[in-house]
Number of protein chains: 2
Amino acid sequence: MSKQFKAYAATAKGEPLSPFEFDPGELRPEQVEVKVSHCGICHSDLSMIDNDWGFSAYPFVPGHEIVGTVVAAGDQVKRVKVGDRVGVGWYSGSCMACPQCLAGDHNLCTTAEQTMIGRHGGFADYVRANWEWATPIPAALDPVKVGPLFCGGITVFNPIIQCHVQPTDRVGVIGIGGLGHMALQFLSKWGCEVVAFTSSAAKRDEALKLGAHQTVNSKDSDEMAKLAGSLDFILVTANAPLDWPTILGALGPRGRLHFVGAVLEPVPVAAFSLIMGQKSVSGSPLGSPATTAKMLDFCARHEIAPIIEKFPMSKVNDALEHLRGGKARYRIVLENDIH
Amino acid sequence: MSKQFKAYAATAKGEPLSPFEFDPGELRPEQVEVKVSHCGICHSDLSMIDNDWGFSAYPFVPGHEIVGTVVAAGDQVKRVKVGDRVGVGWYSGSCMACPQCLAGDHNLCTTAEQTMIGRHGGFADYVRANWEWATPIPAALDPVKVGPLFCGGITVFNPIIQCHVQPTDRVGVIGIGGLGHMALQFLSKWGCEVVAFTSSAAKRDEALKLGAHQTVNSKDSDEMAKLAGSLDFILVTANAPLDWPTILGALGPRGRLHFVGAVLEPVPVAAFSLIMGQKSVSGSPLGSPATTAKMLDFCARHEIAPIIEKFPMSKVNDALEHLRGGKARYRIVLENDIH
């Protein structure tokens, strides 16, 4: 008789989660089995519960900001061993053989396995992942807070690496929430001059504490006019449409507007506005295993951590309601009490 | 009594050019005076004659693909001397002191002097330019054909440098005209696998002769479907709106869609389409003096030249009508007969 995993699952679109058990099958040779100690909640967990993107399958077990300890390892596993503390994010496997994987871009593998798509996620007692996506967590990091780095954190750290952001750059962050509050910390510790865009007066002081040197209300045309032509890089973590021509205008020569928040309405880009100052508009998904490891080392050296609120995993529905209500400051972590 | 320059000028919007003389004033210390032997015609000369962009001033002397010999040099001139053959393009001066100039990006200087804006261009017997924009022409290049490299050529060569296009890349060129026919030569000699996008059957064979390995009809959905996810870089030299989502879909992971043709209608870009494959959309203007010199050396080593049609400068109106009629194959050069 094989082992059963205990989890929390949505049984239909938008339903509250309820206890759910399933047989995970055989451990694959390249997989580790992780005893989950903590799991962050990301807005995309809600999107998947609600089938916002149209590809959710039920019963659906959310969770992709997972922290735990390796309790079993297949015989092809490298780098990690039983007893290691690891984190698992959006991806749980990649083919290792396509041009992207071989180039170190496992996150761009078109057949990558995703932790909670076609399988079950981290709102559970145990979870499995291929070894390359089970990233060792440096001892200096608090395991309670580290989970959100594996989705929200890497989503905003990866562009700093991919876009070659320099410590001499003047950068902007749009949207000071779960992702943005980590981006402010990363970019200020990276050595940049950091401008936080927020229309919320309440978040202005917090943004300054998190490392922003200046805050700007993106809806105030006088403040935006002063910023014109001055930024090298703007990171968009918000999902809502904004006044894109004005925001592009805040970029200086060679400036780049980079999306990690999936703004659903197409952004109208005038080719001429890109040509004149040699500007670009780009986007990126979560980072590779190598970039994830770099991020964790950077967090350890600079004492970077998300600001979190804790809920026991058995209160997962309360936690989801808290997030749905826009009340999370800034990221929720579930502490496992279902072992 | 100061010298008079003889030129051809439009005296009002859209008018044919007519002989025009003007006093160029004192030669500035950093300027050279160039006796014009040849001048290319660019589509932007027509746009300026017609005041398409709203900032033309009349009388207007077009011409910014200039080849000639230095006949006088101010006492601050560096790098070039009397007797040297040089080319002058869109820019004729830059401040040399702003962060862009100091970084070698004189083409991004926000106060750069433009050859035919606020002064007179190269459809003339003589023209002046600051030394940094009077680029020496390697002896191996045919002076009759080199003019178009100084606007059309550098516009498509510069992105190869700026976007770090690699010889291992698979690239596409959209629009096989004055710019595109040079882009095909540059990219094939750069070592890339080159796909030419054209809906004109007549241009297919020409594109292959110019270095394309394959041609694709961008309006044929079957052909476009086969290309999906396969290109690293697409250069847009056309000015007309296209099916941008399909073209973005032709890019593979880390792919970039780059504009040098000023498509006037905004391009709708879905953030999600950039995020998933880490793609970007960008643009660039003409290149710097350093990049222009690199281009000329590259042309000399690889025997790259635009395909041109010649007109005497005294027949400039015939030449402009030829271009207006869409008949230029591929670039027109005026030979000076007004000395």
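The values are calculated or read from the model by the stated rules, or taken from the named source; none is laboratory data. This structure is a prediction, so every number in the text was calculated from the model and none was measured. For neighbour counting, all protein chains shown are included, and Cβ atoms are generated from backbone atoms with ideal geometry for every residue, glycine included.
Say whether the condition of being outside any helix (DSSP H, G or I), over 14 Å from the mean Cα position of the chain (by Cα) and among the hydroxyl-bearing types (Ser, Thr, Tyr) is met by at least one residue in region B:182-195. Scanning region B:182-195, I find no residue that is outside any helix (DSSP H, G or I), over 14 Å from the mean Cα position of the chain (by Cα) and among the hydroxyl-bearing types (Ser, Thr, Tyr), so the answer is no.
Results for (1) polar (S, T, N, Q); (2) at pLDDT 95 or above; (3) in contact with a strand residue (DSSP E or B) (Cβ under 6 Å, 6 or more places away or on another chain), shown as yes or no for each residue.
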{"site": "A:Lys294", "(1), (2), (3)": "no, yes, no"}
{"site": "A:Pro306", "(1), (2), (3)": "no, yes, yes"}
{"site": "A:Val316", "(1), (2), (3)": "no, yes, yes"}
{"site": "A:Glu321", "(1), (2), (3)": "no, yes, no"}
{"site": "A:Arg329", "(1), (2), (3)": "no, no, no"}
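Evaluated against (1) buried (at least 24 other Cβ atoms within 10 Å of the Cβ); (2) outside any strand (DSSP E or B), B:Gly40 falls short on exactly one condition, (2). I'd like to know if region A:223-230 contains one or more residues that are of a type in the set (A, V, I, L, M, F, W, C) and within 19 Å of the chain's Cα centre (by Cα). Checked region A:223-230: no residue is of a type in the set (A, V, I, L, M, F, W, C) and within 19 Å of the chain's Cα centre (by Cα).
Candidates are the residues of region A:196-228 that are touching a helix residue (DSSP H, G or I) at 6+ places or on another chain (Cβ under 7 Å) and at pLDDT 95 or above; the one that is surrounded by the fewest Cβ atoms within 10 Å (Cβ to Cβ) is A:Ala228. Every condition in (1) more than 14 Å from chain A (Cβ to nearest Cβ); (2) buried (at least 16 other Cβ atoms within 10 Å of the Cβ); (3) within 21 Å of B:Gly68 (Cβ to Cβ) is met by B:Leu286 except one, and the failing one is (1). Any residue at all in region B:275-282 that's in contact with a Ser or Thr (Cβ under 8 Å, 6 or more places away or on another chain) and without any contact (Cβ under 8 Å) to a residue 24 or more places away in the chain? Checked against the condition, which is being in contact with a Ser or Thr (Cβ under 8 Å, 6 or more places away or on another chain) and without any contact (Cβ under 8 Å) to a residue 24 or more places away in the chain, region B:275-282 yields at least one hit. The number of residues in region B:205-227 being among the aliphatic types (A, V, I, L, M) and in a loop (DSSP other than H, G, I, E, B) comes to 2.
Being among the hydrophobic types (A, V, I, L, M, F, W, C), at pLDDT 95 or above and either over 30 Å from A:Thr69 (Cα atoms) or surrounded by fewer than 24 Cβ atoms within 10 Å (Cβ to Cβ) (or both) is the requirement here; does A:Cys163 meet it? Yes, satisfied. What about B:Ala293, is it farther than 25 Å from A:His258 by Cβ, in contact (Cβ under 8 Å) with a residue 24 or more places away in the chain and either part of a helix (DSSP H, G or I) or away from chain A (no Cβ under 13 Å) (or both)? In short, yes.
Mind checking which residues of region A:85-129 are touching a residue at least 24 places away in the same chain (Cβ under 8 Å), more than 13 Å from chain B (Cβ to nearest Cβ) and in a loop (DSSP other than H, G, I, E, B)? Matches in region A:85-129: A:Gly89, A:Met96, A:Thr115, A:Met116, A:Ile117, A:Gly118, A:Arg119, A:His120, A:Gly121, A:Gly122, A:Phe123, A:Asp125. Mind checking which residues of region B:237-282 are more than 8 Å from chain A (Cβ to nearest Cβ), touching a strand residue (DSSP E or B) at 6+ places or on another chain (Cβ under 7 Å) and small (Gly, Ala, Ser)? If the condition is that a residue be more than 8 Å from chain A (Cβ to nearest Cβ), touching a strand residue (DSSP E or B) at 6+ places or on another chain (Cβ under 7 Å) and small (Gly, Ala, Ser), then B:Ala238, B:Ala250, B:Gly252, B:Gly255 are the ones that fit. Kindly indicate whether any position in region A:48-60 is within 18 Å of the chain's Cα centre (by Cα) and touching a residue at least 60 places away in the same chain (Cβ under 8 Å). Yes, region A:48-60 contains a residue that is within 18 Å of the chain's Cα centre (by Cα) and touching a residue at least 60 places away in the same chain (Cβ under 8 Å).
For region A:230-240, the criterion of a residue being touching an Asp or Glu at 6+ places or on another chain (Cβ under 6 Å), surrounded by fewer than 21 Cβ atoms within 10 Å (Cβ to Cβ) and not polar (S, T, N, Q) is satisfied by at least one position. In region A:194-235, the residue that is nearest to A:Gly326 (Cα to Cα) out of those that are more than 14 Å from chain B (Cβ to nearest Cβ) and in contact with a His (Cβ under 6 Å, 6 or more places away or on another chain) is A:Leu210. The set of residues in region B:307-322 being crowded, with 20+ Cβ neighbours inside 10 Å and outside any strand (DSSP E or B) consists of B:Met313, B:Val316, B:Ala319, B:Leu320.
Residues are listed down the side, and each one gets a yes or a no for (1) in the same structural domain as B:Leu17 (by TED's automatic domain parsing); (2) closer than 27 Å to B:Pro143 by Cβ; (3) touching a helix residue (DSSP H, G or I) at 6+ places or on another chain (Cβ under 6 Å):
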{"residue": "B:Gly68", "(1), (2), (3)": "yes, yes, no"}
{"residue": "B:Gly89", "(1), (2), (3)": "yes, yes, yes"}
{"residue": "B:Cys95", "(1), (2), (3)": "yes, no, yes"}
{"residue": "B:Leu102", "(1), (2), (3)": "yes, no, no"}
{"residue": "B:Asp105", "(1), (2), (3)": "yes, no, no"}
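Is at least one residue of region B:144-157 modelled with pLDDT of 95 or more, over 29 Å from B:Leu210 (Cα atoms) and among the polar types (S, T, N, Q)? No - not one qualifying residue is present in region B:144-157.
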